[in-house]
Amino acid sequence: MLIRRELPADVRAIADVHRTAFASFAPEGREPVEPGLVASLRASDAWLPSLSLVAEDASGAIVGHVVATRGHVGVTPALGLGPLGVRPDSQRSGVGGALMHAVLGAADALDESLVLLLGHPDYYPRFGFVPAAELGISPDVEEWASHFQARALTAHDPELRGTFRYAEPFYALEEQA
């Protein structure tokens, strides 16, 4: 497996990854929101090209994708991670973990300080995530608190506290729900 930055030629394959990865979570007959979310993030000013990564299998096919985009704790820049998607035929083979390690390493190398995500509280601690409240960070949507997690990077200032706001395209998902 090879992890690399997204290229313009990857856009369709990335949408297909998220379409298949999240198909079982979409209402019957509807496309999952993740392909549209990635497209909206890509078109927004929150997009960080160096933090949109794909996983290629041995044949060169894209089997996974992860992205981190600009968000803020108050006025301080931070990263919102997601979506992370892996094609169903490649799940449980280490692709998701490799993508997580790669995007966290890339973010750290870029001197980002903090990565936040909404995710299963039993899965993400293996990547150093803790409940965001432990770092004094809260989501701006109260219902997210139980699954809201943070990963401090090398440049993190422990004095940073406050409310995190994702890139705007995430809130369009709330309006669709």
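The values are calculated or read from the model by the stated rules, or taken from the named source; none is laboratory data. None of these values were measured; they are calculated from a predicted model. For neighbour counting, all protein chains shown are included, and Cβ atoms are generated from backbone atoms with ideal geometry for every residue, glycine included. Heavy atoms of the whole protein, side chains included, go into the accessibility calculation; ligands, DNA and RNA do not. Shrake-Rupley method; radii C 1.70, N 1.55, O 1.52, S 1.80 Å.
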Show me the helices of the chain, taken as full DSSP H stretches, that run 18 Å or more along their long axis by Cα and average -0.5 or above in Kyte-Doolittle hydropathy.
95-109
Accessible surface of the chain, 1.4 Å probe, proportion on carbon and sulfur as whole %:
54 percent
I'd like to check one number: the per residue accessible area of the chain, probe 1.4 Å, reported in Å² as a whole number.
51 Å²
Total formal charge among the other residues, if their Cβ is under 11 angstrom from that of H72, Lys/Arg +1 and Asp/Glu -1:
+1
Tell me the GluC sites (Glu not before Pro) within region 1-89 that lie in a loop according to DSSP and have at most 12 other beta-carbon atoms within 10 Å.
E28
Subtract the Cα-Cα distance of L173 and Q91 from 0.36 nm times their separation in residues, and report this length gain in nm to one decimal.
27.0 nm
Just how large is the dipole of the chain about the Cα centre, in debye to the nearest 20, putting +1 at every Lys and Arg Cβ and -1 at every Asp and Glu Cβ?
380 debye
Under a no-solvent Debye model with one identical scatterer per Cα of the chain, what's log10 I(q)/I(0) at q = 0.18, 0.19, 0.20 Å⁻¹?
-1.22, -1.36, -1.50
Roughly how many nanometres apart are two label points built 7 Å out from the Cα toward the Cβ at V141 and R12?
3.1 nm
Only helices counted: for the chain, with every DSSP H run of 4 or more residues adding -39500 (n - 2.57) and the sum spread over all residues, [θ] at 222 nm is -7500 deg cm²/dmol
Scaled by the rule-of-thumb 2.2 N^0.38 Å, the alpha carbon Rg for region 106-177 gives a ratio of 1.12
Largest first and rounded to whole Å, the semi-axes √(5λ) derived from the alpha carbon gyration tensor of region 78-146 read 22, 16, 10
What accessible area, in Å² to the nearest ten, does a 1.4 Å probe give for T154?
120 Å²
The local net charge around G105, scoring Lys/Arg +1 and Asp/Glu -1 for residues other than G105 whose Cβ lies under 14 Å from its Cβ, equals 0
Where H120, H156, H18 fall by accessible area, highest first, once all protein chains stay in place (1.4 Å)
H120, H156, H18
The chain: relative contact order in percent, alpha carbon pairs under 8 Å with at least 6 residues between:
21 percent
Order D89, D157, most accessible first, counting only protein heavy atoms with a 1.4 angstrom probe.
D89, D157
With a Förster distance of 22 angstrom and the Cβ-Cβ distance between V75 and R161, calculated FRET efficiency to the nearest 0.05 equals 0.95
Suppose we flag trypsin sites (Lys or Arg not before Pro) only when DSSP calls them loop and at most 15 other Cβ atoms lie within 10 Å. Which is the longest uninterrupted stretch of the chain?
93-160
